[in-house]
Structure formats: structure tokens, C-alpha cells
């Protein structure tokens, strides 16, 4: 059974308390929180103050995805805001190993995200320092995009790399995941499904989460 991480980027921010309550009471495993700076990606989302408010509503795992430059400047503040895991982009980190050391030292689980154009082989020398790899199956920055088909091959390649190194790293897939393609994504080797638009645009978000959970 995959872990399900609804992306709050697709929530109704005028009714954020209601949507947080829904996710908390659902079968979702994580809250996936997308942080954008308008520099690394062409969009701006929300920051620590919103996460602090969300943290009051649930004890579930906060899977914080930093689509930002210089994440080391903000890691401690995200920990204070309530992050349980912090995912940084390989493409945004000049000294990735140092970033991961910092995240671990702060008591959070480490994640590394890679964009659609980035080969999984670039993770081979650092895989044992990563708790979770977030494979972007769309170009980061906006919700509601279509899944890039080649991502299935990347999932398989990453799964093979993890197995060959006897690592415990989870594979998270983020972008365009829905009830129609989720089974093939899990079959390719994904452990965690990030679903935003598929959940929050559905008539019954909790039922959609349950359906994804049972794939």
C-alpha cells in the first residue's frame, strides 16, 4: 500500500482549516507542503507562518518540499514551524551533502527532489544519506499539470539503484498523479504518492485519498 501525501498547494486557502481537518481525518499519511520562492521556480506559494497554523490542526507527518534557492538559510525555521521532513532540490544545492547533514542535525528526515530533466544516477554517491527521493513528474512550480510519461522509467531506474545499494530510501512521485495513473506509478516502484489537484478537485477528497491508498 503506498503512502499518500495530499499536496496542500491545491487546497482552498479560504477554507484551509476545513481542508486540513479533512486530510487529518482521512487515510492520508503525510501533508505535502510545497514552498516556492519565485526564484528557483516561477511561482510563489506560502511559508513558515502558514505551516505553523497548519501544525496546530494535526500530528501527521509534514513533508515539506522546498522549491527554493539557498535552503540552508531557512532549514531551522522550517523545523521550528513544524516540518518533520525537509526535501531540497538537487539542482538548487551547491553542497548537497552539507544540506543533508544540516537537515539530519535538526532532527528531520532528509529528502532530495530532482526535476524531470535530471538523471537519477546523480544520486548514486549520496543515496544512503537520503530518506526520501522526490521524483518530479512535472516541471516544478505549478499544480494541475499532466504527468510526464518518461517518469515511469525514471522510477524504475531509481528503484534499481536503491536496491543495488541496499538502501532504505523511499521513492516519492510528485506531479500529475491521479486515480487513473497511480497504479502504474506504484507498479514502477513508487512508495509515496503526492496528489494535489486529484484530491482537492474531486467531489469527495477523502474517498479519493482512500482509493489511492488501496492501489
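Condition check: under 29 Å from residue 211 (Cβ atoms) and out of contact with any strand residue (DSSP E or B) (no Cβ under 8 Å at 6 or more places or on another chain). Does residue 18 satisfy that? Criteria met by residue 18. Considering the conditions (1) closer than 28 Å to residue 42 by Cβ; (2) touching a helix residue (DSSP H, G or I) at 6+ places or on another chain (Cβ under 7 Å); (3) at pLDDT 95 or above, residue 129 is excluded by exactly one of them, (1).
Cβ-Cβ contacts under 9 Å between residues 6 or more apart (or on different chains), taken from a first residue in the stretch 139-168 that is touching a residue at least 12 places away in the same chain (Cβ under 8 Å) and on the phi > 0 side of the Ramachandran plot to a second residue that is surrounded by 13 or more Cβ atoms within 10 Å (Cβ to Cβ) and in a helix (DSSP H, G or I), are listed as 144/10; 144/197. Within the set 192, 112, the sole residue that is modelled with pLDDT of 95 or more and more than 30 Å from residue 21 (Cβ to Cβ) turns out to be 112. Taking the criterion of being without any contact (Cβ under 8 Å) to a residue 40 or more places away in the chain, surrounded by fewer than 16 Cβ atoms within 10 Å (Cβ to Cβ) and assigned to a loop (DSSP other than H, G, I, E, B), the residues of the stretch 172-215 that qualify are 179, 180, 203, 204. Filtered by the rule that a residue be surrounded by fewer than 17 Cβ atoms within 10 Å (Cβ to Cβ) and touching a residue at least 40 places away in the same chain (Cβ under 8 Å), the stretch 17-51 gives 17, 25, 27, 42, 43.
Taken over the stretch 141-171, the residue count meeting the criterion of being in contact with a helix residue (DSSP H, G or I) (Cβ under 7 Å, 6 or more places away or on another chain), part of a loop (DSSP other than H, G, I, E, B) and within 15 Å of residue 120 (Cα to Cα) is 3.
The values are calculated or read from the model by the stated rules, or taken from the named source; none is laboratory data. In this text the structure is predicted, and so the values were computed from the model without any measurement. All Cβ positions, even for glycine, are placed from backbone atoms using ideal geometry, and neighbour counts span all protein chains on display.
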